[in-house]
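Notes follow the structure.
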Amino acid sequence: MEDIEKLKYLASRWAEKSSLKEFFLSNITLYAGSPGLVLKNMNAVFTDFSSTVSYKYLELCDELNYATTQEQHCIIEIVSSACISVYQYEMLDQSTIRTEPVSFHSYSRGEQVELLKGKIYKVVVHKLGLAVMANNNEMGITRSIFCTGSGRLISTLATNNQHSKLQFAAYLLGVLKRSESKEVLRSLLNHSAYFVRWQAAQSFALLAEKEEIIDVLHIMSSDENNMIAKAAQSSLQRLVN
């Protein structure tokens, strides 16, 4: 993929000794009295409209019992003595993963780790050290966390805090039960975040007449999110029967 190839190039470029040396020397000279600013600037050493490159100090972590969905395409290039292992897991359904990883690989100095958006990984750091991280700026809407022992979904978090705020706003409109809120809630049925769409539909149902609710359930019954579609279909059956 074009995005991945660009990230690989950026990771290699910023992992070069000359790039590392130039970055740290210029920042230490500029912020000699504030080590915190040097570390802060490691969070984004390069950025454009589609990608961000950062330096990250990998800390030891060898007791993880959970895996998470990858929020964005990411290439990690190890530039020191760090050593990490990556386990990839397979989704069985929207709330379960297979407990046995489908792949496993260990990486050390000079190697690149490829993490793809939407895939499920457990990353274990065996030996601390410095790495370059090149990320695609386009993030997924949510990040799910699974227990690798049971395979069960532990939690799903919004990657964009604004989506969570919008979900809560939709919830409040339902609680306040003002009829003029219906148009706002209806407009949210097309939101990109599935949890915002579903909250808007639930709040709309608290304000609308039966015929309006049935219309909305017809829309949600063909939602791209399978859980929403099934819930809407079930509610629709109860209302019309």
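The values are calculated or read from the model by the stated rules, or taken from the named source; none is laboratory data. None of these values were measured; they are calculated from a predicted model. Positions of Cβ are generated from backbone atoms using ideal geometry, with glycine treated the same way; all protein chains shown enter the neighbour counts. In case anyone asks, the SASA skips ligands and DNA or RNA and just uses the protein heavy atoms, side chains included. Shrake-Rupley method; radii C 1.70, N 1.55, O 1.52, S 1.80 Å.
Take Tyr171 and decide whether it is under 27 Å from Thr52 (Cα atoms), open to solvent by 40 Å² or more (accessible area, probe 1.4 Å) and touching a residue at least 12 places away in the same chain (Cβ under 8 Å). Judged against the criteria, Tyr171 is not a match. Select from the stretch 46-89 the residues that are part of a loop (DSSP other than H, G, I, E, B) and among the small types (Gly, Ala, Ser) and write down the one among them that is farthest from Phe24 (Cα to Cα). In this case the residue turns out to be Ser50. Would you confirm whether any residue within the stretch 72-79 is of a type outside the set (A, V, I, L, M, F, W, C), open to solvent by less than 30 Å² (accessible area, probe 1.4 Å), at pLDDT below 95 and in contact with a strand residue (DSSP E or B) (Cβ under 8 Å, 6 or more places away or on another chain)? No, that holds for no residue.
Among the residues here, Ile154 qualifies as within 30 Å of Leu92 (Cα to Cα), in contact (Cβ under 8 Å) with a residue 40 or more places away in the chain, out of contact with any Gly (no Cβ under 9 Å at 6 or more places or on another chain) and among the β-branched types (Val, Ile, Thr). For the stretch 206-225, the condition holds for no residue, the condition being that it is at positive phi, of a type outside the set (D, E, K, R) and either in contact with a strand residue (DSSP E or B) (Cβ under 9 Å, 6 or more places away or on another chain) or part of a helix (DSSP H, G or I) (or both). Restricting the first member to the stretch 14-36 and to residues that are within 18 Å of Lys56 (Cβ to Cβ) and among the aliphatic types (A, V, I, L, M), and the second to residues that are part of a helix (DSSP H, G or I) and at pLDDT 80 or above, the beta-carbon pairs closer than 9 Å and six or more apart or on different chains are Leu20/Trp14.
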